[in-house]
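**Q** Sending over a structure as structure tokens; questions will come in a sec.
Laboratory data are not the source of any read-out in this text; all were calculated from the coordinates shown. On a predicted model such as this, the values are computed, not experimentally measured, just so you know. Counting neighbours? That spans all protein chains shown, and the Cβs are built from the backbone with ideal geometry, glycine included.
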Amino acid sequence: MDNVLILKIEDVMDVRGRGIVLAPGLEAEQYNFSGEYEAILETPTGEQKNCKVVFTIPFQSPPPKIRKYWCHLSGLAKLEIPIGSNLWLTNFKG
């Protein structure tokens, strides 16, 4: 099991009732997420910060043509997550 680069962050949203949500979403057909994952956020300056992530597929009606996971991050505040950061899942067996 290795660290896997899962996302280059293009946007960070603080959604009431959901917490920090990272964009872009990840295509559901390419991944099978279940539960909470340990992760490392690597900023564009190379700083590394530990955090946790959970992936959910939001209910949408009508359903989109391409279903995507939302990435919910905990352990960091929105201001600690610069655009262009990389999100690595640790010990991911995907």
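**Q** Please indicate, with yes or no, whether at least one residue in the range 6-27 is in contact (Cβ under 8 Å) with a residue 12 or more places away in the chain, touching a Cys at 6+ places or on another chain (Cβ under 7 Å) and of a type outside the set (A, V, I, L, M).
**A** No, the range 6-27 contains no residue that is in contact (Cβ under 8 Å) with a residue 12 or more places away in the chain, touching a Cys at 6+ places or on another chain (Cβ under 7 Å) and of a type outside the set (A, V, I, L, M).
**Q** Could I ask something else about it? Select from the range 2-39 the residues that are among the aromatic types (F, W, Y) and touching a Gly at 6+ places or on another chain (Cβ under 9 Å) and write down the one among them that is surrounded by the most Cβ atoms within 10 Å (Cβ to Cβ).
**A** F33
**Q** Hey, can you tell me all the residues within the range 1-52 that are over 14 Å from I81 (Cβ atoms) and charged (D, E, K, R)?
**A** D2, R16, R18, E27, E29, E36, E38
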